[in-house]
């Protein structure tokens, strides 16, 4: 047995000596495989462990991100709620608070930025080159002041302030006259005026509440009073007489008797007027007495007023040209008071210029006014009872131009 064993040992050594480099010994192959498998298994286990740890970290990171996002949403919602509350408490922005006003040049025509002085202790421009607002005037306030100034100028414009009325003088000049707050204003609604066949009527609820009239004298010629009546005329104003504007002589109108009797026969309402050129109160009383004497036979038929007509003479000098406003007012008062004393209704005749500039209406408020203004709508601001709206009208019963009137007072019904 020893020899065999020794032989085996000799062969084994010889075999080892004859093995090529890199070849394993026959008895050691199994151990290497086992070690390799253990190593692989350990590596796989390490990789699985690492993967599990990585998943846990990713899951933990996602939870953290979600929490941070939720927190940011809540903080943003709280900030928006606080901002909305502050905006509700702040005053509303007005046009004058805006900054665009400083884009406009200042009044002297120079550029705003060039004309503004530098603020004390500050530069005209900030460090970044932008213009500084420190030391600038309040342009919103300035714009507001300019607007107020414009509004004030508009109000002070006599053509729009509602406190003046335009008067054309006899020499053709226009003048804005302040409307007196102490005189009674007319309250007529001119939308209620209607015109039929050239005759004006004042309507209310479809009913005529005014009266159609004409004024006549010898200059009118022959009048067909029945024709006037059929045309819708309600009354006539007949001239009684005149005073010469140069001689001063009194004269009865040549057609007075014919006209008044024709009007009464046609059952027209009757009123009269006198053309005055009196230069004293005594002359005014003389004129009134002439009227009263000639009306006496027809007293019962005189329902409409007795009017005083004083006016300048066109394109010629007249006796009254040298009278003052106070003189003309006193003369008119004397005539009208004499008429009232005689038992008739006194009335003052005149155009807008005469009534506003040439006499003192404040002293003549006790008398009805007969306005002469050739317009579709009068702009006379004060109260009047009768309006002569054209001297070139057309009406059946009068040949040629007719003086047409509308009366707002029912004199014949009194």
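The values are calculated or read from the model by the stated rules, or taken from the named source; none is laboratory data. Keep in mind the model is a prediction, meaning the values are calculated, not measured. Counting neighbours? That spans all protein chains shown, and the Cβs are built from the backbone with ideal geometry, glycine included.
Pairs, please: C-beta under 9 Å, at least 6 apart or cross-chain, first residue surrounded by 11 or more Cβ atoms within 10 Å (Cβ to Cβ) and in region 292-305, second in a helix (DSSP H, G or I) and modelled with pLDDT under 95?
303/412; 303/413; 304/412
For residue 187, are the conditions met, namely being at pLDDT 50 or above and either in contact with a strand residue (DSSP E or B) (Cβ under 6 Å, 6 or more places away or on another chain) or surrounded by fewer than 13 Cβ atoms within 10 Å (Cβ to Cβ) (or both)? I'd like the intermediate steps shown before the answer.
Working: at pLDDT 50 or above: yes; either in contact with a strand residue (DSSP E or B) (Cβ under 6 Å, 6 or more places away or on another chain) or surrounded by fewer than 13 Cβ atoms within 10 Å (Cβ to Cβ) (or both): yes.
It is true that residue 187 is at pLDDT 50 or above and either in contact with a strand residue (DSSP E or B) (Cβ under 6 Å, 6 or more places away or on another chain) or surrounded by fewer than 13 Cβ atoms within 10 Å (Cβ to Cβ) (or both).
Just to be sure I understand the filter: pairs with C-beta atoms under 6 Å, separated by 6 or more residues or on different chains, first member in region 340-351 and without any contact (Cβ under 8 Å) to a residue 12 or more places away in the chain, second member surrounded by fewer than 19 Cβ atoms within 10 Å (Cβ to Cβ) and assigned to a strand (DSSP E or B). Which pairs pass?
Pairs that qualify, where the first residue is without any contact (Cβ under 8 Å) to a residue 12 or more places away in the chain and the partner is surrounded by fewer than 19 Cβ atoms within 10 Å (Cβ to Cβ) and assigned to a strand (DSSP E or B): there are none.
Here are the criteria: (1) part of a loop (DSSP other than H, G, I, E, B); (2) surrounded by fewer than 18 Cβ atoms within 10 Å (Cβ to Cβ); (3) touching a strand residue (DSSP E or B) at 6+ places or on another chain (Cβ under 8 Å). Tell me which single one residue 267 does not satisfy.
Residue 267 satisfies every listed condition except (3).
For residue 172, which of the numbered conditions (1) under 30 Å from residue 318 (Cα atoms); (2) loosely packed, with under 14 Cβ neighbours inside 10 Å; (3) modelled with pLDDT of 95 or more fails to hold?
Condition (3) is where residue 172 drops out.
Please find, within region 312-321, the residue that is surrounded by the fewest Cβ atoms within 10 Å (Cβ to Cβ) out of those that are in contact (Cβ under 8 Å) with a residue 40 or more places away in the chain and assigned to a helix (DSSP H, G or I).
So the residue we want is 319.
Report, by residue number, each residue of region 337-365 that is assigned to a loop (DSSP other than H, G, I, E, B) and closer than 18 Å to residue 310 by Cα.
Once the filter is applied, which keeps residues that are assigned to a loop (DSSP other than H, G, I, E, B) and closer than 18 Å to residue 310 by Cα, region 337-365 yields 345, 359, 360, 364, 365.
Restricting region 230-243 to residues that are touching a residue at least 40 places away in the same chain (Cβ under 8 Å) and not in a strand (DSSP E or B), which is nearest to residue 285 (Cα to Cα)?
It comes out as 234.
Could you check how many residues of region 212-234 are within 44 Å of the chain's Cα centre (by Cα) and farther than 21 Å from residue 392 by Cβ?
Adding up the residues that qualify gives 0.
Would you pick out the residues in region 326-342 that are within 19 Å of residue 411 (Cβ to Cβ) and out of contact with any strand residue (DSSP E or B) (no Cβ under 9 Å at 6 or more places or on another chain)?
341
In region 213-239, how many are touching a helix residue (DSSP H, G or I) at 6+ places or on another chain (Cβ under 7 Å) and under 14 Å from residue 261 (Cβ atoms)?
Selection size over region 213-239: 5.
Restricting attention to region 393-414, does a residue exist that is closer than 20 Å to residue 312 by Cβ, assigned to a strand (DSSP E or B) and out of contact with any helix residue (DSSP H, G or I) (no Cβ under 9 Å at 6 or more places or on another chain)?
Applying the first criterion (closer than 20 Å to residue 312 by Cβ) to region 393-414 yields 403.
Now narrow it down to the ones that are assigned to a strand (DSSP E or B): 403.
With out of contact with any helix residue (DSSP H, G or I) (no Cβ under 9 Å at 6 or more places or on another chain) added as a condition, the list becomes none.
No.
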